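Visitor: A single structure is presented below for examination.
Bear in mind these aren't lab numbers, they're just calculated from the coordinates by the rules spelled out. Just so you know, these numbers come straight off a predicted model, no measurement behind them. As a convention, Cβ positions derive from the backbone with ideal geometry for all residues, glycine included, and neighbour counts pool all protein chains shown.
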Amino acid sequence: MPIDATLPYDDSNIFARILRGELPSKTVYEDDHALAFHDINPQAPLHILVIPKGAYVSWDDFSERGSDAEITGFVRAVGRVARDAGLVAPGYRLLANVGPNSHQEVPHLHVHIFAGQPLGPMLVR
Ligand code: 5GP
């Protein structure tokens, strides 16, 4: 079910549980501000999710309430994960869904990294 990105943060969401170590994930990268792990249902040969460690519902919430240190740390982590995976030369796609029209399902900000093959048009037509 798509979520309403204007609702307050819900601490019981699945990525909050991964951050607390209550659920497993295939970790790719971790630092003070971000955790990156493989998507459970990959939509490309390589499909990684990068999430901030803070409690933010969406890109909208994070860009409004996140501290400069959190935002810098998170953006740098996304770039580093892609670089470390060797994705810059072949190319990759970043995606962050916000709210119902984008079909955001998990109410904790996550940036998708898709890679591993030509990814086709940006949107289904
Ligand atoms: P959204 O539609 O919210 O942008 O994307 C949510 C993503 O989270 C989906 O690609 C989905 O496969 C992934 N996902 C949902 N539950 C889990 C989980 O428990 N573990 C992992 N690793 N990914 C999940």
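Visitor: Connecting C-alpha atoms closer than 10 Å in a GNM of the chain, tell me which of LEU94, LEU23, LEU35 has the biggest fluctuation.
Guide: Result: LEU23 has the largest fluctuation of those listed.
Visitor: Over the Cα atoms, compute the radius of gyration (one decimal) and Dmax (the largest Cα-Cα distance, rounded to a whole number) for the stretch 14-115, in Å.
Guide: Calculated on Cα positions, Rg and Dmax stand at 12.8, 36 Å.
Visitor: Here is a follow-up. Within a Cβ distance under 11 Å of LEU46, other residues only, what is the Lys/Arg minus Asp/Glu net charge?
Guide: 0
Visitor: With just the Cα atoms defining each centre, how far is the stretch 1-73 from the stretch 106-125? Give it in Å.
Guide: Going from one Cα centre to the other spans 15 Å.
Visitor: Moving on. Under the rule that an exposed site lies in a DSSP loop and has at most 13 other Cβ atoms within 10 Å, name the longest stretch of the chain with no GluC sites (Glu not before Pro) of that kind, not counting the sites themselves.
Guide: With a cap of 13 other Cβ atoms within 10 Å, the longest stretch comes to 23-104.
Visitor: Summing Lys, Arg as +1 and Asp, Glu as -1, what charge do residues with Cβ under 14 Å from the Cβ of MET1 carry, MET1 excluded?
Guide: Result for the local shell: -3.
Visitor: A further question on this structure: Grab the beta carbon distance between SER12 and MET122, set R0 = 35 Å, and tell me the FRET efficiency rounded to 0.05.
Guide: 0.60
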